[in-house]
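Read through the structure below, which is laid out as structure tokens, and then see the notes.
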Amino acid sequence: MRRPLPNLTINYAKSDLLAVALIAAVVAAWLASAGGAFSVRALLACEVTFFAFYFTGSFLAGFRSLAKGIRFDLPLRLLVGYGVVNTTLLVLAWLSPFGIITNFSVLTALAVAAFFLPGQRRSVRSEPASLWAVALCLIATTLWCQDSLRPRLEQGHVVLFKPWVDGFYHAVHIRIFGASHGASSLEDWRLAGVPARPYHYGMYLTPAFLKQASGIDSYTAFAGGLAPLGVFFGGLAAYAFFGTLWGAWPGLSAAAALLLLPDGAQQGMQNTFMSYHWLTQISPSATYGLALLAVAWLFVVRGCTRGSRLQLFVGWSVAAVVLVYKLHYVVASGLLLLLVPAIFFRERSGRGRRAGWIAAACAAYVAALMVGQKVPGVPLIRFDGSSIGEILRLVQTFARHGALRDWLVQHMGAKFSTASNLLYGVPYVLFAVLGLLLPMLLALAFCLRRRTPLLYVLFPLLLIGNFLLMFFGLALDFASSTPDELSHRPLMIVYFFTVTWVGGALGLLLVGSRRSHRWARPALIGIAAMLLVVPARFGAGVQQLWAMPQMSPVRVPSSLVRIADFMREQGSSDDVFQASQFDRVYLLAALSERRTFVAHTMTLMPFRADLVETRTAAIDRFLHIRQPKAIRATARAFGFRWFLLEPGDHADWPSEIANEPVLEAGPFKLYEF
């Protein structure tokens, strides 16, 4: 009898299955640590989630034409499975009328069927280095995410939230996607009942499922799920990329370099704004986007060296998926992803054909940017070099006071010429990001120039050049909430691939040497074990930024937390609330898991600003209504059940309402309508 998919052979290892179960158990422990209580439901949800990833990745790894030349060990299977399952969940959140649990159950059933039904299965031995890499990633992630895994600290009448303030924003979106059942249910987090804008929401789906399936709260799903999983996936991506290029043990060395070496700021450059490890914590979307971008580059690079158009197409397809995880990375990397094959694809073709490819790539990139620029909320994308001095001035403001900052102020910034800014700014920016890894890269590239394909040697240098063009060439968007985001965020790309390339190259030299071959593997494990002191030392407080101390930790009156807990425990998840000071950091929405009638934002956000202003004015009028019936009728018309009157605010309501809050905690008064 002919098999349904004759070219499919699914390899699996029993030790991999055990490792998947242990990974899920560790993630459940992260959730328990963040939430303060262990949940059996959370453990089961984690187990189902990671086995769905593994089954999906193993199914795709079974296609020989796709996987040939690719090291599809456990790390890459989990990454590919995550990319497929999680992205499909995002699509279903917009299109399916069913909830996230039903959607995930269908995907899990398909993953199980794909793993067990078609083709043939063959038991193989696990690659030991891949299991060591998984163990390393779990331990290092736990150490780097100390603040997220123990997010709250009570100090008298104040509660400290150690993660960056954006954690409340992420928790709100986890709640929104956890409760989703089609596009009509996805709303703007600031405006109850208003449809959500297009944005890179991809990272929220897995923690949203874990929240909904286990019953944990949204902030726990953020702190114990969303934040550490991104760091973990980044380590897996480092192993998968360089494990394929140079071998399993160099792949382990690459993952160790990424997760165990201090970045430029921690090496002494003292500019946290340029810190990779800081950004991985305060911007979780960056880590998920990086992991999938590494998968995209893996298929593009291998497709070039093998001459495989299928792998090239898969790489570009994964890069397109990155759009819904981190838009900035596609803007920064899109053109290079298209141009590298034009130069390095292993196929004899004339100069005219390659020139045509380059022209078509540039045209496609420009056309995509023009279309993307019309999407609401997308920052300004203009390459004109007009903001070189301004972005260097911005970077200076985040450098610690001292001799280095004084030198920077004297040599670069808005008042200096373009030539002076580039002369001093380029080396400063590179060393601020990479530190001593930069000269190590150059030395290792020289050593390996004849021992590995040219593309492998030039790859990190191409990324550095691309980063510098983006960083200094893109105009700042002063109408946006963060003018520098398209210029600044891609520093994570150059750090990720540079440090992993350095680690992989060192591993390659160590393992490939005749003198060190016998003891190279235990030496790598031993060095990695010793370097765990780095995340153990820097993990606590890694999210703090001296220039913005109010962002982490966030100090909140315990009475306000009590108000949020009360709203969460009462009523239903469809309830709408309103705070008199408009919940500017989204804390009430995150901790209460209730929708907000109108919220303000910490930074400038022009999108739908007119509607925010209209609802704000309506709330101002609501506070001055004097008739009890009119107050209740207005609350019903606006659709909110709860109203929080905060310290310093006054309502002109009659005493029969003003003096009867449903809960009074310290200076806060909560009313129910």
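Among the conditions (1) closer than 22 Å to Thr596 by Cβ; (2) in contact with a Pro (Cβ under 8 Å, 6 or more places away or on another chain); (3) surrounded by fewer than 23 Cβ atoms within 10 Å (Cβ to Cβ), the only one that Thr142 does not satisfy is (1).
Looking at the structure I just gave you, is Ala213 more than 20 Å from Asp565 (Cα to Cα) and touching a strand residue (DSSP E or B) at 6+ places or on another chain (Cβ under 6 Å)? Explain how you work it out, then say what you get.
On the way: more than 20 Å from Asp565 (Cα to Cα): yes; touching a strand residue (DSSP E or B) at 6+ places or on another chain (Cβ under 6 Å): no.
Against the criterion (more than 20 Å from Asp565 (Cα to Cα) and touching a strand residue (DSSP E or B) at 6+ places or on another chain (Cβ under 6 Å)), Ala213 does not qualify.
Part of a loop (DSSP other than H, G, I, E, B) and farther than 22 Å from Pro667 by Cβ: is that true of Arg626 in this structure? Yes, satisfied.
When the stretch 646-663 is filtered for residues that are touching a Ser or Thr at 6+ places or on another chain (Cβ under 9 Å) and either crowded, with 16+ Cβ neighbours inside 10 Å or over 19 Å from Phe582 (Cβ atoms) (or both), the ones remaining, listed by number, are Glu646, Ala651.
Which ones in the stretch 428-440 are aliphatic (A, V, I, L, M), in a helix (DSSP H, G or I) and within 26 Å of the chain's Cα centre (by Cα)? Talk me through it step by step, then tell me what you get.
Step one: of the stretch 428-440, the residues aliphatic (A, V, I, L, M) are 429-430, 432-434, 436-438, 440.
The next check asks that each one be in a helix (DSSP H, G or I); those that pass are 429-430, 432-434, 437-438, 440.
Those that are aliphatic (A, V, I, L, M), in a helix (DSSP H, G or I) and within 26 Å of the chain's Cα centre (by Cα): Val429, Leu430, Ala432, Val433, Leu434, Leu437, Leu438.
Selection of the stretch 256-284 for residues being within 18 Å of Leu236 (Cβ to Cβ), out of contact with any Pro (no Cβ under 8 Å at 6 or more places or on another chain) and crowded, with 24+ Cβ neighbours inside 10 Å yields Ala256, Ala257, Leu258, Tyr276, Thr280, Pro284.
Take the residues of the stretch 411-427 that are small (Gly, Ala, Ser) and not in a loop (DSSP other than H, G, I, E, B): which is surrounded by the most Cβ atoms within 10 Å (Cβ to Cβ)?
In the first step, residues of the stretch 411-427 are kept if they are small (Gly, Ala, Ser); the result is 413-414, 417, 419-420, 425.
From the residues that got through so far, the ones that are not in a loop (DSSP other than H, G, I, E, B) too are 419-420, 425.
On the way: Ala419: 8, Ser420: 16, Gly425: 25.
Among residues in the stretch 411-427 that are small (Gly, Ala, Ser) and not in a loop (DSSP other than H, G, I, E, B), the one surrounded by the most Cβ atoms within 10 Å (Cβ to Cβ) is Gly425.
Ser130 satisfies every condition listed in (1) surrounded by fewer than 22 Cβ atoms within 10 Å (Cβ to Cβ); (2) in contact with an Asp or Glu (Cβ under 6 Å, 6 or more places away or on another chain); (3) within 22 Å of Tyr288 (Cβ to Cβ) except (1).
Screening Leu509 on (1) open to solvent by 10 Å² or more (accessible area, probe 1.4 Å); (2) within 26 Å of Met274 (Cα to Cα) shows it passes everything except condition (2).
Check the stretch 55-69 and report whether any residue there is among the aromatic types (Phe, Trp, Tyr) and without any contact (Cβ under 8 Å) to a residue 40 or more places away in the chain.
Residues of the stretch 55-69 that are among the aromatic types (Phe, Trp, Tyr), as a first pass: 55, 59, 63.
Those still in the list that are without any contact (Cβ under 8 Å) to a residue 40 or more places away in the chain too: none.
Within the stretch 55-69, not a single residue is among the aromatic types (Phe, Trp, Tyr) and without any contact (Cβ under 8 Å) to a residue 40 or more places away in the chain.
Applying the selection to the stretch 585-608, what residues are closer than 16 Å to Phe222 by Cα, among the aliphatic types (A, V, I, L, M) and open to solvent by less than 10 Å² (accessible area, probe 1.4 Å)? Once the filter is applied, which keeps residues that are closer than 16 Å to Phe222 by Cα, among the aliphatic types (A, V, I, L, M) and open to solvent by less than 10 Å² (accessible area, probe 1.4 Å), the stretch 585-608 yields Leu587, Leu588, Ala589, Ala590, Leu591. One residue stands out among those in the stretch 531-580 that are part of a strand (DSSP E or B) and open to solvent by less than 50 Å² (accessible area, probe 1.4 Å): the one that is nearest to Pro284 (Cα to Cα), which is Val554.
Given the criterion touching a residue at least 60 places away in the same chain (Cβ under 8 Å), in contact with a Ser or Thr (Cβ under 9 Å, 6 or more places away or on another chain) and either within 18 Å of Ile176 (Cα to Cα) or of a type in the set (Asp, Glu) (or both), identify the matching residue among Phe668, Phe577.
Numbers: Phe668 fails: either within 18 Å of Ile176 (Cα to Cα) or of a type in the set (Asp, Glu) (or both).
Answer to the selection: Phe577.
Answer with yes or no whether Gly465 is in contact (Cβ under 8 Å) with a residue 12 or more places away in the chain and of a type in the set (Gly, Ala, Ser). Answer is no for this residue. Taking (1) outside any loop (DSSP other than H, G, I, E, B); (2) at positive phi in turn, Gly648 satisfies each apart from (1).
Scanning the stretch 463-503 for residues that are closer than 18 Å to Leu422 by Cα and open to solvent by 20 Å² or more (accessible area, probe 1.4 Å) gives Gly465, Asn466, Leu468, Leu469. Taken together, Leu336, Leu293 contain a single residue that is open to solvent by 20 Å² or more (accessible area, probe 1.4 Å), among the aliphatic types (A, V, I, L, M) and within 28 Å of Lys68 (Cα to Cα), which is Leu336. Taking the conditions (1) touching a Lys or Arg at 6+ places or on another chain (Cβ under 8 Å); (2) open to solvent by less than 50 Å² (accessible area, probe 1.4 Å); (3) among the hydroxyl-bearing types (Ser, Thr, Tyr) in turn, Tyr12 satisfies each one other than (2).
Contact annotation: residue pairs with Cβ atoms under 8 Å, 6 or more positions apart or on different chains, pairing a residue in the stretch 516-527 that is under 17 Å from Gly251 (Cβ atoms) with a partner that is open to solvent by 100 Å² or more (accessible area, probe 1.4 Å), are Ile525/Trp132. Gly202 fulfils the conditions (1) closer than 30 Å to Val556 by Cα; (2) among the small types (Gly, Ala, Ser); (3) out of contact with any helix residue (DSSP H, G or I) (no Cβ under 6 Å at 6 or more places or on another chain) except for a single criterion, (3).
Where in the stretch 33-120 are there helices (runs of 4 or more DSSP H), lying fully within it, with 3 or more residues that are modelled with pLDDT under 95 and surrounded by fewer than 24 Cβ atoms within 10 Å (Cβ to Cβ)? Spell out how you get there, then give the answer.
On the way: elements: 40-61, 64-67, 74-95, 100-116.
Because the criterion is at least 3 residues that are modelled with pLDDT under 95 and surrounded by fewer than 24 Cβ atoms within 10 Å (Cβ to Cβ), the helices (runs of 4 or more DSSP H) in the stretch 33-120 that meet it are 64-67, 100-116.
Only residues that are over 26 Å from Ala140 (Cα atoms) and either at pLDDT 95 or above or under 22 Å from the mean Cα position of the chain (by Cα) (or both) were counted across the stretch 519-549, and they come to 1.
Selection within the stretch 633-645: residues that are touching a helix residue (DSSP H, G or I) at 6+ places or on another chain (Cβ under 8 Å) and part of a helix (DSSP H, G or I). The member of this set that is surrounded by the most Cβ atoms within 10 Å (Cβ to Cβ) is Ala635.
Taking helices (runs of 4 or more DSSP H) as the structural unit, those lying wholly within the stretch 145-254 and holding at least 2 residues that are of a type in the set (Val, Ile, Thr) and closer than 25 Å to Val26 by Cα correspond to 166-178. Just wondering, is there one or more residues in the stretch 357-371 that are open to solvent by 50 Å² or more (accessible area, probe 1.4 Å), among the hydrophobic types (A, V, I, L, M, F, W, C), touching a residue at least 24 places away in the same chain (Cβ under 8 Å) and within 30 Å of Thr280 (Cβ to Cβ)? Yes; the residues of the stretch 357-371 include at least one that is open to solvent by 50 Å² or more (accessible area, probe 1.4 Å), among the hydrophobic types (A, V, I, L, M, F, W, C), touching a residue at least 24 places away in the same chain (Cβ under 8 Å) and within 30 Å of Thr280 (Cβ to Cβ).
Might you let me know whether the stretch 481-495 holds any residue that is over 23 Å from the mean Cα position of the chain (by Cα) and more than 20 Å from His277 (Cβ to Cβ)? Please lay out each step first, then the result.
Looking only at the stretch 481-495, we keep the residues that are over 23 Å from the mean Cα position of the chain (by Cα), and these are none.
No.
Please go through the stretch 508-518 and pick out each residue that is at pLDDT below 90 and not in a loop (DSSP other than H, G, I, E, B). Please lay out each step first, then the result.
Just the residues of the stretch 508-518 that are at pLDDT below 90, to begin with: 512-518.
Listed by number, the residues that qualify are Gly512, His517, Arg518.
When the stretch 375-410 is limited to residues that are assigned to a helix (DSSP H, G or I) and open to solvent by 60 Å² or more (accessible area, probe 1.4 Å), the one that is nearest to Leu469 (Cα to Cα) turns out to be Arg393.
The values are calculated or read from the model by the stated rules, or taken from the named source; none is laboratory data. On a predicted model such as this, the values are computed, not experimentally measured, just so you know. With ideal geometry, Cβ positions are generated from the backbone for all residues, glycine too; neighbour counts draw on all protein chains shown. What goes into the accessible areas is simple: the full protein's heavy atoms, side chains included, and nothing from ligands, DNA or RNA. Shrake-Rupley method; radii C 1.70, N 1.55, O 1.52, S 1.80 Å.
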